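Below: one structure, written as structure tokens.
The values are calculated or read from the model by the stated rules, or taken from the named source; none is laboratory data. Remember, it's a predicted structure, so these values are computed and weren't measured experimentally. Positions of Cβ are backbone-derived with ideal geometry, glycine not excepted, and every protein chain shown enters the neighbour counts.
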Amino acid sequence: MFRVSPDDLDPRAESGIESLVRVALRDVGLRVSSQVAIPGVGRVDFLVEGRVIVEVDGREWHRGEQERDYRRDLEALQRGYRVVRVDYVHAVVHAPLVVAAVSRAASAVSGPGLGVTFLRSPEDPFLDSRGGVGA
């Protein structure tokens, strides 16, 4: 379990779960920049190692925003970034999985490491019963 001290708080963070994710990534030695403006993409929650965009999506905040978010992901991929989207459950309960996914994306040079990685809770309506993307 990752803990955040008052010294770890970043006034640029838009939520507490952003602080949890930032501290977890920083604590494993990754270089993390908060609330970075990327031309053609917009402001992203984190830019890790200068090449991985991490977006922390609270369920209520992002409800109905998927179309906009997917467009931004495509713009980011076109510009050579990797994207990892994390929901509340993964940020709070499965932080080691989040750290592992972001670390792998940051270390991938090309191939399967390129793309958008979604870490969503199993009850997400966009996932089918096997955990894949529903039709």
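For Arg104, all conditions in the list (1) touching a residue at least 12 places away in the same chain (Cβ under 8 Å); (2) surrounded by 15 or more Cβ atoms within 10 Å (Cβ to Cβ) hold save one; what is the number of the exception?
So Arg104 meets the others, but not (1).
I'm trying to understand the selection: among the residues of region 95-116, which are modelled with pLDDT of 90 or more and touching a strand residue (DSSP E or B) at 6+ places or on another chain (Cβ under 7 Å)?
Leu97, Val98, Ala101, Val102, Ala105, Ala106
Quick check: anything in region 46-58 modelled with pLDDT under 90 and part of a helix (DSSP H, G or I)?
Going residue by residue through region 46-58, those that are modelled with pLDDT under 90 are 57-58.
Subset that is part of a helix (DSSP H, G or I): none.
No, the conditions are met nowhere in region 46-58.
Do you know which residues across region 25-34 are more than 12 Å from the chain's Cα centre (by Cα) and either crowded, with 21+ Cβ neighbours inside 10 Å or among the hydrophobic types (A, V, I, L, M, F, W, C) (or both)? First the steps, then the outcome.
Step one: of region 25-34, the residues more than 12 Å from the chain's Cα centre (by Cα) are 26-31, 33.
Scanning region 25-34 gives Val28, Leu30.
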